[in-house]
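Visitor: Provided herewith is a single structure, encoded as structure tokens, for subsequent inquiry.
The values are calculated or read from the model by the stated rules, or taken from the named source; none is laboratory data. Because the structure is predicted, anything quoted here is derived from the model rather than measured. Cβ sites come from the backbone with ideal geometry, for glycine too, and all protein chains shown count toward neighbours.
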Amino acid sequence: MEINVLKTSHNINIGLTESQREDICDGLSHLLADSYTLYLMTHNFHWNVTGPMFNTLHLMFMEQYTEQWNALDVIAERIRALGFPAPGTYAEFAKLTSIKEVGDTPKALKMVGHLVNAQEATARTARKLFPIVHEAQDEPTADLLTQRIEVHEKTAWMLRSLLED
């Protein structure tokens, strides 16, 4: 009898089918890849920004990459809670991300523009998953997505404001 309990304890029975969990985790994996790519881009720009806005951007980018770094665990742990492995290699992230890598070291305001685009792309990736999450009635993932979209939209707005005359 104990053996059966042990066997069934490995089955995930949280009110979502395996197919629903798999679809949600696929979307979350794309979000994790975008989030990691955005983190890496922001950290790179933090290291390499120069010019008259150096101090402001250096500190702003640090706040942004720190927030982004903390979000990576939340997303990956949700994937794990739903029973699937989280992607975690550069190769996996490169296949899954919608964000294009910046190959050079742009000037400060070009960095800001790249980050606006990356923040918006990450918000779109999160938003795209909502119909699947809503249909499955997966409130914890919906809450995670709402929080991430709010951060990315607000950050994109703040960065865009630096580009205005």
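Visitor: Within the stretch 135-158, which residues are surrounded by fewer than 21 Cβ atoms within 10 Å (Cβ to Cβ) and closer than 21 Å to Cys25 by Cα?
Guide: To start, the set of residues in the stretch 135-158 that are surrounded by fewer than 21 Cβ atoms within 10 Å (Cβ to Cβ) comprises 135-137, 139-140, 142-143, 146-147, 149-151, 153-154, 156-158.
Of everything in the stretch 135-158, those that are surrounded by fewer than 21 Cβ atoms within 10 Å (Cβ to Cβ) and closer than 21 Å to Cys25 by Cα turn out to be Glu135, Ala136, Gln137, Glu139, Pro140, Ala142, Asp143, Thr146, Gln147, Ile149, Glu150, Val151.
Visitor: Say we look at the stretch 87-125 and pick out the residues that are over 22 Å from Met60 (Cβ atoms) and of a type in the set (A, V, I, L, M); which of these is surrounded by the most Cβ atoms within 10 Å (Cβ to Cβ)?
Guide: Leu96
Visitor: Counting just the residues of the stretch 2-15 that are under 20 Å from Gln137 (Cα atoms) and out of contact with any Leu (no Cβ under 9 Å at 6 or more places or on another chain), which one comes out modelled with the highest pLDDT?
Guide: First, pick out the residues of the stretch 2-15 that are under 20 Å from Gln137 (Cα atoms): 11-15.
Remaining after also requiring out of contact with any Leu (no Cβ under 9 Å at 6 or more places or on another chain): 11, 13, 15.
Working: Asn11: 85, Asn13: 90, Gly15: 93.
Of everything passing the filter in the stretch 2-15, Gly15 is modelled with the highest pLDDT.
Visitor: Another question, if that's okay. If you go through the stretch 69-84 one residue at a time, do you hit one that is under 17 Å from Phe45 (Cα atoms), in contact (Cβ under 8 Å) with a residue 40 or more places away in the chain and of a type outside the set (D, E, K, R)? Steps first, answer last, please.
Guide: So in the stretch 69-84, the residues under 17 Å from Phe45 (Cα atoms) come out as 69.
Filter once more, so that each one left must be in contact (Cβ under 8 Å) with a residue 40 or more places away in the chain: none.
No: the stretch 69-84 contains no residue that is under 17 Å from Phe45 (Cα atoms), in contact (Cβ under 8 Å) with a residue 40 or more places away in the chain and of a type outside the set (D, E, K, R).
Visitor: Is there a residue being surrounded by fewer than 17 Cβ atoms within 10 Å (Cβ to Cβ), of a type outside the set (Val, Ile, Thr) and touching a residue at least 24 places away in the same chain (Cβ under 8 Å) anywhere in the stretch 53-66?
Guide: Yes: the stretch 53-66 contains one or more residues that are surrounded by fewer than 17 Cβ atoms within 10 Å (Cβ to Cβ), of a type outside the set (Val, Ile, Thr) and touching a residue at least 24 places away in the same chain (Cβ under 8 Å).
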